[in-house]
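Some notes on the structure that comes next.
No value in this document is a laboratory result; all are computed from the given coordinates. Given the structure is predicted, the values throughout are model-derived calculations rather than measurements. Virtual Cβ from ideal backbone geometry, glycine too; neighbours counted across all protein chains shown.
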Amino acid sequence: MTLRVVLAVLLTVALVGVSLPAIDRAGVAASDAALDRRADGLATAAENVCLDSAPVAPGTPGARRSVPVTLPERSLARAGVERVRIDAGGVHWRVRGAPPDDRRFDVPVVVDADPLVLRGAGTHRLSLTCERRPDHPDGVAVLRRA
């Protein structure tokens, strides 16, 4: 009887040991995919903000688009996010256990606090406006914290 219990425990430990790397890889992939979707949404919003509204002078009230960016929380099913950085070139992130990744903007974007760094899991509220700038008289997407 004792031998069966010991063998059952050893078998369970072996199975858990074999499955943990696969669970970790799946968590990294899930977090990376979630951030990729969030970055695509932000890039699409940046591309559309000047198509949907007329540009205004900096500091002038105008149409504003709220963009929530949710960073996944570390759990058994998801890996933690090391960093998310947004600059004029795009969204750059790194998930623990994965190489850095990014999503480039297809239109010019001005980031109010360049770079804008998002820390910690949860929802971060950003806003986009279309502003007329000397180097972009037809308007440029301006991203800032909401």
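Annotations for the structure displayed:
- Given charges at beta-carbon only (K, R positive; D, E negative), |dipole| of the range 2-145 in Debye: 600 debye
- Counting neighbouring beta carbons within 10 Å and listing from fewest to most, the residues Val109, Val49, Val6 come out as Val6, Val109, Val49.
- Rounded FRET efficiency, nearest 0.05, which uses the C-beta distance separating Arg125 from Ile23 and R0 of 30 Å: 0.40
- The gain in end-to-end length when the Ala33 to Leu51 segment is fully stretched comes to 3.7 nm, 0.36 nm per residue minus the alpha carbon separation.
- Residues in the range 95-102 carry Karplus couplings, in order, of 9, 4, x, 10, x, x, 9, 7 Hz; the curve used is 6.51 cos²θ - 1.76 cosθ + 1.60 with θ = phi - 60°, and Gly or Pro positions show x.
- Rounded to the nearest 500, the helix-only mean residue ellipticity at 222 nm of the chain stands at -13000 deg cm²/dmol, with each DSSP H run of n ≥ 4 adding -39,500 (n - 2.57).
- Charge dipole of the chain about the Cα centre (unit charges at C-beta), most positive-ward option of Gly62, Pro134, Val9: Val9
- Helix axis angle, 2-52 relative to the chain longest principal axis, alpha carbon, degrees: 10 degrees
- Between Asp40 and Asp102, the modelled label-to-label distance comes to 2.0 nm, taking each label 7 Å out from Cα in the direction of the beta carbon.
- Remark: Arg103, Arg133, Arg4, Arg145 ranked as Arg4, Arg145, Arg133, Arg103, counting other beta-carbon atoms within 10 Å and listing the fewest first.
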